[in-house]
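The values are calculated or read from the model by the stated rules, or taken from the named source; none is laboratory data. In this text, all values refer to a predicted model and were calculated from it rather than measured experimentally. Please note: Cβ atoms are built from the backbone with ideal geometry, for glycine as well, and neighbour counts cover all protein chains shown.
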Amino acid sequence: MRIIGFNFNKINIEKFSDKIEKLKINTSINVSEIKEMKLDAFKTKEQFIGVKFTYHIDYEPKIAKIELVGNIVFGGEPKITKDILKQWEDKKISEEIKITLFNVILRKSNLRALQLEEELNLPLHVSLPSLRKQENKEN
């Protein structure tokens, strides 16, 4: 499967409080739709599927929330895309496809969320690498 397109349809961030006490950050991904897509611009044997998703980051207790809603278009072998669509009839996704799909969502959405968190002066929902002074081992 290869990614043909990715876009956000909705970006919502709300900050309810400046007090950051007992902070707990929860994230979730929800896939709400998987459907076959016809893309006339591509003259290949690939079939295309569209995936609609929502990525939530909740800062508890009632500090802030981020909601990113978007679409991804994948292209792949007809056999693979038909299997995905067949499984989706029961609202299921195979583990292999779910991992690929969620990694794409996380990579794109986390970058946007970090930018939004910086703009609203919220704690980052993921840890970024940082340098520390090495302790003197002679003592």
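Summary of computed values
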| read-out | value |
| --- | --- |
| First in region 51-63 and over 10 Å from K15 (Cα atoms), second anywhere and part of a loop (DSSP other than H, G, I, E, B) and of a type in the set (S, T, N, Q), Cβ under 9 Å, 6 or more apart | P61/S17 |
| Answer from V69, V73, V51 - the residue that is touching a helix residue (DSSP H, G or I) at 6+ places or on another chain (Cβ under 9 Å) and under 17 Å from S109 (Cα atoms) | V51 |
| Unmet requirement for K82, which otherwise passes all of (1) more than 21 Å from K38 (Cβ to Cβ); (2) basic (K, R); (3) loosely packed, with under 15 Cβ neighbours inside 10 Å | (1) |
| Qualifying residue in region 91-110 (condition: within 22 Å of G5 (Cβ to Cβ) and in a strand (DSSP E or B)) | no |
| In region 8-56, the residues that are surrounded by 10 or more Cβ atoms within 10 Å (Cβ to Cβ) and among the polar types (S, T, N, Q) | N9, N12, S17, N26, T27, N30, S32, Q47, T54 |
| Residues of region 99-123 classified as within 11 Å of the chain's Cα centre (by Cα), among the polar types (S, T, N, Q) and closer than 22 Å to K24 by Cα, total | 2 |
| Residue within region 79-87 that is over 25 Å from E117 (Cβ atoms), at pLDDT below 95 and polar (S, T, N, Q) present | yes |
| Qualifying positions in region 109-132 - surrounded by 15 or more Cβ atoms within 10 Å (Cβ to Cβ) and either among the small types (G, A, S) or farther than 30 Å from K22 by Cβ (or both) | S109, A113 |
| Criterion (within 13 Å of E36 (Cα to Cα) and in contact (Cβ under 8 Å) with a residue 24 or more places away in the chain) met by exactly one of E89, E77 | E77 |
